[in-house]
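Chemist: Could you have a look at this structure, given as structure tokens, before my questions?
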Amino acid sequence: MPSRTRENAAPVSFLPTLAANLFPLVGIAVFEWRVAELLAVYWVEIGVALVSYGVAALFARRPVVLDGRQFYLPGVSPEADRAEKWERDPRPLDLPWSLPPVYPRNGRLVFLTLVTGFGFLGFFLAASPGVVESLRSPWLGLAAAGMVLSDWQHLSREFFSENRYEELSAHMVLEIPGRFLFFAVAYVLLLGSIGLLSLVFGIFLLREMGIVVPAFELADLFAATIVVGKVAVEWSRFRAETEAEPSGFATWFLPEDPRE
């Protein structure tokens, strides 16, 4: 990512994001949410993020550079020879109302990324019918809306208010939700596998000791673990967006800049 000269943002500016992402704990404690409800909230958030960043990527001015890249979006690979497309005149399309121009050459990459991303989300819905049923809850919609508004705030501040669309390529913009989706899938699969094995082993061990733990309490604990993991991810994303030189896990959420 291009170097930044601004100072690090104050941690207090993370509070709205923290509040939005802790609200599911209220759902677990008050509305008896389980894993299906949490996954429904995150499904909505990721879906809206894909569309939002897809639109933002159309404004990205810089050409896509493939040399030296380690993270590739759909339709992009080291063997793809698209240098001519990105080196010629970008031919921007001017928009009304003082909006910045869009670059039609970014359209194919945006389309492929959205199709692939929603393909993952669609497969997840097909495999988890309980998530679809959970989407009807108004409180769940409120939680999802809070997270979406938080994401839009980040996107507006980090991409448009500081004219960073002039510094990024479409690939770099789309990497942000792409990396989040990749991590979310890996995290849920890993946590789900570990959680399932732990629950089975824990229930067996407790029963051998003569202790009976209600299943709903174990489900609450598992759901709360997912919420805590999501908060840790959001804090890492916040650091990646606001720190001049982020380190550690936060670097995963930085789009690659092949020029560096």
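Chemist: Out of curiosity, is VAL115 β-branched (Val, Ile, Thr) and either modelled with pLDDT of 85 or more or open to solvent by less than 30 Å² (accessible area, probe 1.4 Å) (or both)?
Modeler: Taking the combined requirement at face value, the residue satisfies it.
Chemist: For LEU149, only one of the following conditions fails: (1) under 17 Å from the mean Cα position of the chain (by Cα); (2) closer than 30 Å to VAL30 by Cβ; (3) buried (at least 16 other Cβ atoms within 10 Å of the Cβ). What is its number?
Modeler: Going through (1) under 17 Å from the mean Cα position of the chain (by Cα); (2) closer than 30 Å to VAL30 by Cβ; (3) buried (at least 16 other Cβ atoms within 10 Å of the Cβ) one by one, LEU149 breaks only (3).
Chemist: Still on this structure, I have one more. I need every pair where a residue in the range 148-167 that is on the phi < 0 side of the Ramachandran plot has its Cβ under 7 Å from the Cβ of a residue that is among the polar types (S, T, N, Q) and assigned to a helix (DSSP H, G or I), sequence separation at least 6 or different chains.
Modeler: SER150/THR17; ASP151/SER52; TRP152/SER52; LEU155/SER52
Chemist: While we're here: Report whether or not VAL55 is at pLDDT below 85 and within 17 Å of PRO177 (Cβ to Cβ).
Modeler: no
Chemist: Just give me the residues in the range 153-183 being small (Gly, Ala, Ser) and open to solvent by 20 Å² or more (accessible area, probe 1.4 Å), in sequence order.
Modeler: Correct list: SER156, SER161.
Chemist: Can you run down the residue pairs with Cβ atoms below 6 Å, 6 or more apart or on separate chains, where the first is in the range 35-58 and farther than 22 Å from HIS171 by Cβ and the partner is open to solvent by 30 Å² or more (accessible area, probe 1.4 Å) and not in a helix (DSSP H, G or I)?
Modeler: Between residues of the range 35-58 that are farther than 22 Å from HIS171 by Cβ and residues that are open to solvent by 30 Å² or more (accessible area, probe 1.4 Å) and not in a helix (DSSP H, G or I), the close pairs are ALA40/LEU135.
Chemist: A follow-up question, please. Is one or more of the residues making up the range 33-40 in contact with a Phe, Trp or Tyr (Cβ under 7 Å, 6 or more places away or on another chain), modelled with pLDDT under 90 and open to solvent by less than 20 Å² (accessible area, probe 1.4 Å)?
Modeler: The answer is no, given that none of the residues of the range 33-40 is in contact with a Phe, Trp or Tyr (Cβ under 7 Å, 6 or more places away or on another chain), modelled with pLDDT under 90 and open to solvent by less than 20 Å² (accessible area, probe 1.4 Å).
The values are calculated or read from the model by the stated rules, or taken from the named source; none is laboratory data. Owing to the predicted nature of the structure, the values given are computational and were not obtained by experimental measurement. So basically every Cβ, Gly included, is an ideal-geometry build from the backbone, and we count neighbours across all protein chains shown. Calculation scope for accessible area: heavy atoms of the full protein, side chains included, ligands and nucleic acids excluded. Shrake-Rupley method; radii C 1.70, N 1.55, O 1.52, S 1.80 Å.
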